[in-house]
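Below: one structure, written as structure tokens.
Laboratory data are not the source of any read-out in this text; all were calculated from the coordinates shown. This is a predicted model, so every value here is computed, not measured. Neighbour counts run over all protein chains shown; Cβ positions are idealised from the backbone, glycine included.
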């Protein structure tokens, strides 16, 4: 019988994570922005990119690889188009700051785009989307990490770029549609966890050193030179490869800093766009059209053996609501990673719910 996962109140986890980040040197507002983003990821089921990242983030702060203080530098500002140098400041805080500015500019210009170079890691992209759709806005978000290169181009056997996720959210007349898709078949976070636990992927989403498909994550570690397959895999990986290149163009290339520059450590190049439907066909008309399509998709009979059609984000939003009520079920490997930091900083670990 599988042991039930320990559950914690989401608010307790936020305060716990924020206290650790604050003790590590982040100002309270920045610590809260990072903590809320991480817990939001766990609430929606993205548990490799939630509190699983807290220990590594604390380590980065300790090494000064994630800067504690400072502000992003504005490199260009043409009203609806801006470029920032993030100066390796905390990624979730930078993205939230950019969202607020882009939302304000989108109200004036109809759309606003901010690219950020030299951000630190920005955690789970899906965790940001509801903050935009709750304002009636459409949001596009993408990121790459110039420091990493685990995804092979289609037809190749060595990694060149990162999983390069694209996320988007838009409102309907009911629940928003929220998508977060990597341009590789799987992620570094999941392969790292499975390798640590001695487990394998459900399908051959990787390449070994000789370019053969495999489900064994060990081909990525201990000096081996395996790679992640692009989205679409062996058969249709040209599509994921093309989209991965698009993300590189929108993030590092637009920001003017990336893989062609010296490596600076774990981080991100970011593309963020906000769109105000009122500047186009109107917010009510947008929501009506989006609602019609959502309902039409849900009404399609499911394939044999499958449940009803779900829209992107539907499962995550339902899980979020349930875990806010019943507590967040953390992956069993998360708290043991954080406990040494809690002991070191004298921060009590939140009690699990009975």
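Summary of packing: across the peptides 311-320, 106-115, 33-42, the per-residue average of other C-beta atoms within 10 Å ranks them, highest first, as 33-42, 106-115, 311-320.
Once both labels are positioned 7 Å from their Cα atoms along Cα-to-Cβ, the gap between residue 278 and residue 246 label points is 2.9 nm. From the largest down, segment 289-354 spans 53, 29, 21 angstrom on the principal axes of its Cα atoms.
State the percent of C-alpha pairs, over all pairs in segment 74-165, separated by a distance greater than 17 angstrom. Summing the P(r) of segment 74-165 above 17 Å gives 55 percent of all pairs. Here segment 172-216 is treated as a sphere whose radius is the Kirkwood value from Cα pairs; by Stokes-Einstein at 20 °C and 1.002 mPa s it diffuses with a coefficient of 171 µm²/s. Expressed as a fraction of 2.2 N^0.38 Å, the C-alpha radius of gyration for segment 51-93 is 1.42.
As a ratio to 2.2 N^0.38 Å, the alpha-carbon radius of gyration computed for segment 239-354 takes the value 1.64.
Spin-label pair residue 65-residue 134: with each label point 7 Å from Cα along the Cα-Cβ axis, the two points sit 3.2 nm from one another. With the highest mean first, a sort of the peptides 70-78, 172-180 on other beta-carbon atoms found within 10 angstrom per residue produces 172-180, 70-78. Dividing the convex hull volume of the alpha carbon atoms of segment 198-247 by its residue count gives 85 Å³ per residue. Segment 213-303: percent of C-alpha pairs farther apart than 16 Å? The calculated P(r) of segment 213-303 puts 76 percent of pairs beyond 16 Å. Distance distribution P(r), segment 98-248, all Cα-Cα pairs, bin width 10 angstrom from 0: 11, 36, 30, 17, 6, 0 percent. Between segment 210-244 and segment 121-144, how far is it from one alpha carbon centroid to the other, in angstrom? If you average the Cα positions of each part, the centres end up 27 Å apart.
Take each peptide in 46-55, 90-99, 283-292, count the other Cβ atoms within 10 Å of every residue, and average; sorted highest first, the result is 90-99, 46-55, 283-292. Please state the relative contact order of segment 136-263 as a whole percent: Cα pairs under 8 Å, 6+ residues apart? Relative contact order here is 27 percent.
A Förster radius of 45 Å combined with the Cβ-Cβ distance from residue 261 to residue 199 puts the calculated FRET efficiency at roughly 0.80. Taking label positions 7 Å along the Cα-Cβ direction at both residue 224 and residue 299, the computed distance is 5.0 nm, reported to one decimal. Taking the fewest neighbouring Cβ atoms within 10 Å as the starting point, the ordered list for 297, 124 is 297, 124. The value of relative contact order for segment 172-237, using C-alpha pairs under 8 Å at least six residues apart, is 31 percent.
Looking at the square roots a ≥ b ≥ c of the eigenvalues of the Cα gyration tensor of segment 28-106, which shape do they give, rounded for a/c under 1.5, prolate if a/b is larger than b/c, or oblate? Oblate is the answer for segment 28-106, as a/c is 1.5 or above yet b/c matches or exceeds a/b. The relative contact order of the chain comes to 23 percent, based on Cα pairs under 8 Å that sit 6 or more residues apart. In terms of overall dimensions, the C-alpha atoms belonging to segment 1-158 reach 56, 44, 34 Å along their principal axes, ordered largest to smallest.
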